[in-house]
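In what follows, a single structure is set out as structure tokens and then discussed.
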Amino acid sequence: MAGTAHNNNSETDREQHSRSVSPYKAGLHARCPNCGEGPLFVNGLAVRDACDVCGFDLSSADPGDGAQVFVILIMGALSALLGFIVMGALRWPLWAVAVTLFTFIMLGSIWMLRVFKALLIALQFHHDARQGTPGEGNRDE
Ligand SMILES: [Zn+2]
């Protein structure tokens, strides 16, 4: 009885610690989903193998193409809106429109990719999402 309780304690301690960091806060600041302090990315958009601060294993982080979909849809709408404003309403010269839109799209896409990728990874670890295995559904019964 006591041994069972001890084993359960280490499991719940780990879960409570990893769930104490808000996945939205970790995502917005592109931080480690476990401690919320270590940087998540190396060289801009590549995910680290392990957190520099807490050593949390990030190699199983797999946001797939999820972040790109959000960025394409949101940046596409915002860029079109900005294009209409600077070209139609403000009547900027074409070179200024091109420079403005190019800068906006490049910087906005990279920033937004970091945020959404970090958010999806943080949510993945927060909800303990991973590949299912046969028979795992009976675990709690
Ligand atoms: Zn960490």
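No lab work stands behind these numbers, since they all come straight from the coordinates. On a predicted model such as this, the values are computed, not experimentally measured, just so you know. Cβ sites come from the backbone with ideal geometry, for glycine too, and all protein chains shown count toward neighbours.
What to note about this one:
- Added length on full extension, which subtracts the Cα-Cα distance from 0.36 nm per residue, Ala77 to Arg91: 3.1 nm
- Positive end of the dipole of the stretch 21-129 (Cβ unit charges, origin at the Cα centre): among Gln68, Pro23, Leu101, the Cα lying farthest that way belongs to Leu101.
- Net charge dipole size for the stretch 21-129 [Lys, Arg +1 and Asp, Glu -1 on Cβ; Debye, nearest 20]: 500 debye
- The stretch 42-141: trypsin sites (Lys or Arg not before Pro) falling in loop per DSSP and having at most 16 other Cβ within 10 Å: Arg91, Arg130, Arg139
- The gain in end-to-end length when the Leu101 to Asp65 segment is fully stretched comes to 10.5 nm, 0.36 nm per residue minus the alpha carbon separation.
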